[in-house]
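The values are calculated or read from the model by the stated rules, or taken from the named source; none is laboratory data. Please read these numbers as outputs of a predicted model, since none were measured by experiment. Cβ: placed from backbone, ideal geometry, glycine included. Neighbour counts: every protein chain shown.
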Amino acid sequence: MSKQYVNLILDQNSWHTDEPFTYAADGDIEVGDIVQVPFGKGNRLKRALVIETGVQPSKDLSSAHIKEVAEKDPDLRLNQEMVKTMEWMRQRYGIKYYDALHCFIPPGKAARPGKSKRPYAKTKGEGQEVKALTDEQASAVGRIESSMDAGKGEIFLLHGVTSSGKTEVYMQVIQHALDMGQTAILLVPEIALTEQIVRRLLARFDRDEIAVLHSKLTGRERFDEWMRLRKGEAHIAVGARIGVFAPLENIGVIILDEEHESTYKSDQTPKYETVDVAVKRLMASKGVLILGSATPSVVSYERAREGVYTLIELKKRYNKTPLPLVELVDMRIELRSGNTGIFSKRLLKAMSGTLASGKQVILFQNRRGYSTFISCRDCGESLQCPDCGISLVYHKRENAAVCHYCGRRFPLPDKCPSCGSPRIKYFGVGTEQVEEAAAREFPDYPCARLDLDTAKNRTEINRIIRSFSKGETKILIGTQLVAKGLDFRNVGLVGVISADVSLNIPDYRSTERTFQLVTQVAGRAGRGSERGLVIVQSYTPENFALKASAEHDYKGFFQQEIMVRKFMDYPPYTDLIIAAFTSESEAVAIEMAERCKAYLEKAGLPNAKKILVPRLSMNFKGKDSFRYHIMVKAPRGSRNKYIYYLRYFNRLILKHKVDCTMLIDVNAYSSY
């Protein structure tokens, strides 16, 4: 067989090998093949990905010194579109080949013949009988399918109020893609929502057509589902954000349900944005992207106003039930009247009436644990995690102080570690305390809690949701998990315990996040035949985000928020780019951050003179090391230039062997 030369990248997590290597190979080796190659002085075999074939070796490299590919993996292989997307990710996010490669290849290994594992194998289809689409749904489906037929590659923002039937639009479009001989990807923002959407799909499509991809699957399950998609046995990929990397050919549609959710932005390396990756992947097949939400992100809605996205609106609920009535309760008045409890008098009365009528209740509190921090009443010091520097949260059931960043648990102290005072006090309200209070007030009605403490695995998540769906649980208490797309028919009341929690987060998105959370959790009420009631407790009910959510006024909220963004030079008018420097020496971390700032200023990039001075990253949880970061508001069109210069600065750090690592993050949702 004839020989050829190929360029490949090593499956090795090192900046020093983050470049293509030339090898000799048999003629049947193609782009996307996973191979084993000898590398280094010892010629130990390393896994690698072929990214280019038919290359001409550089003149300073004689053929005698070029090593040969040892063997090709018979199971794993990427297609050319996936390889190109991988290379694009490396440039766009300033990451290594290795980081992008591991987005596309599955963990685990092949099962022995006849031993493959299928997640959700016992899940049964569960869908609503749709006799006819509403006029709004039919119009939406028609516009999207026309675009698919014409191969326009459009991006649609499907702005539909809660319970307007967005899921039915998704189903119709997926069926159209399959009828065209194409494939489809449907993403949800939380793994907890996967079973519900799988049930809907199973009511419409053959079980073998559907494969699930998310991080709570075992390595074997992930591998087997990946192989079913890669071999063309399944044509619909469902899952959380990693589903965007599904190894499908000829993708006709990618759907991001609840597109506004921050979980679509990866907070781990590689720090990609799911919507960006989806757009890039669809370029090859000219498929459509659907971004669905009742509360679109400010960035997405502005893109729709500018014509970058095509806006489709569903303004009415499919069952014609009015949107829930939302009442704002001023907790300052409650406090002055002597009510120091978790529940306002209005909420308690509404819960009594709702439960007595046979309806269910959802209580939303976006803080888990029992009390949100532990403090000394004499010196004022709060207990913090020694590794992360983050306030510890009191968990009553475990009788421990827990760090919600690293997960470490500490015994509760008898006295203050700082001053020795025994006057230790617990402050703030978490879901555990809300659950205790609800059970105390309504002992005859079973309660359950859905947060990261109770939803520790897929089985437990599904059990809690199924129990509430069947009506066995009457009161469901939860964090934002209960606000994201869950569809319960018998919920008559939603109570938001403290709407101020998200308002007080030091983030420019705090008002947007508050509006979205309140509106989304309110949408869980009245999804049946009767109008629901939502009671929102707040110490700042006059806030424009809360008032807009009470009136179901997205456009009113958007108009005020977009003015603030423009004045402050925040996205969508800029990209917030963070360059973070981590070292065991605080002086080195500061020095590298300062040098990078000076380097970018010297390059003359737009807004470079406005780069913030280096700041200590307060949420960094590395032990015995320091992280300092700089942040720039990069004007539109300058993002790629900044990434180019930042990548070059990182190469300088590596070249001079500085004891410092650099990380690049664009439009981060997590605070630094």
Restricting to segment 5-23, name every residue that is more than 25 Å from LEU652 (Cβ to Cβ) and either surrounded by fewer than 16 Cβ atoms within 10 Å (Cβ to Cβ) or hydroxyl-bearing (Ser, Thr, Tyr) (or both). TYR5, THR22, TYR23
Residues satisfying the stated conditions in segment 612-644, i.e. out of contact with any Pro (no Cβ under 6 Å at 6 or more places or on another chain), within 19 Å of ILE590 (Cβ to Cβ) and part of a strand (DSSP E or B): ARG615, LEU616, PHE626, ARG627, HIS629, MET631, VAL632
Going through VAL329, VAL288, VAL253 one at a time, which residue ends up being aliphatic (A, V, I, L, M), surrounded by fewer than 23 Cβ atoms within 10 Å (Cβ to Cβ) and modelled with pLDDT of 95 or more? VAL329
Identify, from the list LYS59, LYS84, the residue that is surrounded by fewer than 19 Cβ atoms within 10 Å (Cβ to Cβ), within 30 Å of LEU576 (Cβ to Cβ) and out of contact with any helix residue (DSSP H, G or I) (no Cβ under 7 Å at 6 or more places or on another chain). LYS84
For segment 98-143 the number of residues that are surrounded by fewer than 17 Cβ atoms within 10 Å (Cβ to Cβ), among the acidic types (Asp, Glu) and at pLDDT 85 or above is 1
Taking the criterion of being outside any loop (DSSP other than H, G, I, E, B) and either in contact with a Ser or Thr (Cβ under 8 Å, 6 or more places away or on another chain) or not β-branched (Val, Ile, Thr) (or both), would at least one residue in segment 123-135 satisfy it? yes
Quick one: is ILE535 among the hydrophobic types (A, V, I, L, M, F, W, C), closer than 21 Å to VAL429 by Cα and out of contact with any Gly (no Cβ under 8 Å at 6 or more places or on another chain)? no
Check whether at least one residue in segment 529-548 is over 30 Å from LEU363 (Cα atoms), of a type outside the set (A, V, I, L, M) and part of a helix (DSSP H, G or I), and report yes or no. no
Somewhere in segment 57-72, is a residue within 28 Å of ALA240 (Cα to Cα) and either under 36 Å from the mean Cα position of the chain (by Cα) or modelled with pLDDT of 95 or more (or both)? no
Take the residues of segment 444-495 that are part of a loop (DSSP other than H, G, I, E, B) and without any contact (Cβ under 8 Å) to a residue 24 or more places away in the chain: which is surrounded by the most Cβ atoms within 10 Å (Cβ to Cβ)? THR454
List, please: which pairs have Cβ atoms under 8 Å, are six or more places apart or on different chains, and start with a residue in segment 262-274 that is under 20 Å from ILE185 (Cα atoms) and end with one that is assigned to a loop (DSSP other than H, G, I, E, B) and among the small types (Gly, Ala, Ser)? THR263/ALA240; LYS265/ALA668; TYR272/SER266; GLU273/SER266; THR274/SER266
List pairs: first in segment 171-185 and more than 18 Å from ALA203 (Cβ to Cβ), second modelled with pLDDT of 95 or more and part of a helix (DSSP H, G or I), Cβ under 6 Å, 6+ apart or cross-chain? ILE185/GLY243
